[in-house]
Amino acid sequence: MKIKISIPTERIQNPIISESIVETGILINIMVANIDSTYGELIADVSDYRFDRIKRALESRGAIVSILDRPIHRDDEECVECGACISVCPTTVYTFDESWNVHVDEKKCIQCGMCIKMCPHGALRLGE
Ligand code: SF4
Ligand code: SF4
């Protein structure tokens, strides 16, 4: 499953991710990392059955962990099926179906935001 890990300012100097991995022995696949000296936000992949344990380890160190159920939302009323999002998405969330409508496979989204900038109709937004 895809999860979002937020690291607040007061904990940003601590090696939260490394310590949690060492403590639990659970490997997480970090797909996006936006970290500076004030805040950190990561999107990672972790096995469903290991989620509770790694969540506890991360949260005990001050991180906020949530499951990304619907990482990207499309407003079907606004979408004109132009396909611009297909060409920029690095994880092939969007594909044309046999009727040339754009199919969305939300589970693959890593919230990079590229498609939102590209969509000419403002049909896309990140989910929580
Ligand atoms: S946010 Fe990035 S990964 Fe997610 S659908 Fe858009 S382009 Fe693809
Ligand atoms: S770029 Fe926007 S309007 Fe075009 S297919 Fe994708 S979601 Fe629809």
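The values are calculated or read from the model by the stated rules, or taken from the named source; none is laboratory data. It should be emphasised that the depicted structure is a prediction, and the values quoted were computed from it without experimental measurement. For neighbour counting, all protein chains shown are included, and Cβ atoms are generated from backbone atoms with ideal geometry for every residue, glycine included.
Assess whether residue 57 counts as being more than 17 Å from the chain's Cα centre (by Cα), surrounded by 12 or more Cβ atoms within 10 Å (Cβ to Cβ), within 16 Å of ligand 2 (Cβ to nearest atom) and among the small types (Gly, Ala, Ser).
No; evaluated as a whole, the condition is false for this residue.
Which condition breaks for residue 41 when tested against (1) acidic (Asp, Glu); (2) farther than 28 Å from residue 13 by Cα; (3) within 14 Å of ligand 1 (Cβ to nearest atom)?
(2)
Can you find, within the range 102-128, the residue that is farthest from the chain's Cα centre (by Cα) among those that are away from ligand 1 (no atom under 11 Å from the Cβ) and exposed (fewer than 12 other Cβ atoms within 10 Å of the Cβ)?
120
Identify all residues within the range 95-128 that are closer than 20 Å to residue 5 by Cα and assigned to a strand (DSSP E or B); write none if there are none.
Those that are closer than 20 Å to residue 5 by Cα and assigned to a strand (DSSP E or B): 125, 126.
Would you mind stating whether residue 123 is of a type in the set (A, V, I, L, M, F, W, C), at pLDDT 95 or above and over 19 Å from residue 19 (Cβ atoms)?
yes
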